[in-house]
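See below for the structure under consideration.
The values are calculated or read from the model by the stated rules, or taken from the named source; none is laboratory data. Just so it is clear, the model here is predicted, and its values are computed rather than measured. Ideal geometry is used to build each Cβ from the backbone, glycine not excepted, and the neighbour counts take in all protein chains shown. Protein only, heavy atoms only, side chains kept; ligands, DNA and RNA dropped before computing areas. Shrake-Rupley method; radii C 1.70, N 1.55, O 1.52, S 1.80 Å.
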Amino acid sequence: QVHVTEAGGGLVQAGGSLRLSCAASGRAYSDYAMAWFRQAPGKEREFVAAISWTGRTTEYDESVKGRFAISRDNARNEVFLQMNNLKPEDTAIYYCAVTGASGSGVQYEYDYWGQGTQVTVSS
């Protein structure tokens, strides 16, 4: 069983930055990929970014490429999402997820999810 907890959300003006963190406790896999997804009001949950166990492979949705950066610290079982040049359309609840697979934008591959952290970007 893996328990996932996000932190770092908040209110920021357009053009600003936020850094989200996610801690995964417990070990269901020998190694695991992690990802961030988000859900805006009235919309489906969508993929944001993913990172492999080694950190050497990352994947981003086109809407955040060049603005967001995902990273991880395996010694602390944490993953981070640095969000720069935030836009009002980035407003959403951001969820962290864990998978024993290689890590991709496919939601059903992820077995463990956090409760989410709210990010609000004002114009």
Worksheet item: On alpha-carbon atoms, Rg over Rh for the stretch 44-92 using Kirkwood Rh?
Response: 0.99
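What are the equivalent ellipsoid semi-axes of the chain, built from the alpha-carbon gyration tensor (square roots of five times its eigenvalues), in whole angstrom, biggest first?
23, 14, 13
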Practice prompt. Rounded to the nearest 0.05, what FRET efficiency do ALA40 and LYS65 give with R0 = 22 Å and r taken as the Cβ-Cβ distance? Could you check?
Written response: 0.75
Worksheet item: If you find the alpha carbon centre of the stretch 72-88 and of the stretch 15-39, how far apart are they in angstrom?
Response: 7
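Identify the trypsin sites (Lys or Arg not before Pro) of the stretch 2-104 meeting these criteria: DSSP loop state and at most 13 other C-beta atoms within 10 Å of the C-beta.
Passing sites in the stretch 2-104 are ARG27, LYS43, ARG56, LYS65, ARG76.
At 0.36 nm per residue, and after removing the present C-alpha to C-alpha distance, how many nm does the segment from ARG27 to ASN85 gain when stretched out fully?
Numbers: separation 58, 0.36 × 58 = 20.88 nm, distance 3.44 nm.
Additional length available on full extension: 17.4 nm.
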Fill in: Solvent-accessible area of ILE70 with every protein chain in place, 1.4 Å probe, in Å² to the nearest 10
10
Fill in: Whole-number percent relative contact order across the chain, with pairs defined as alpha carbons under 8 Å at least 6 apart
36
Worksheet item: At a probe radius of 1.4 Å, what is the per-residue accessible area of VAL2, in Å² to the nearest 10?
Response: 10
Response to the item:
With all protein chains in place and a 1.4 Å probe, THR58 shows an accessible area in Å² (nearest 10) of 60
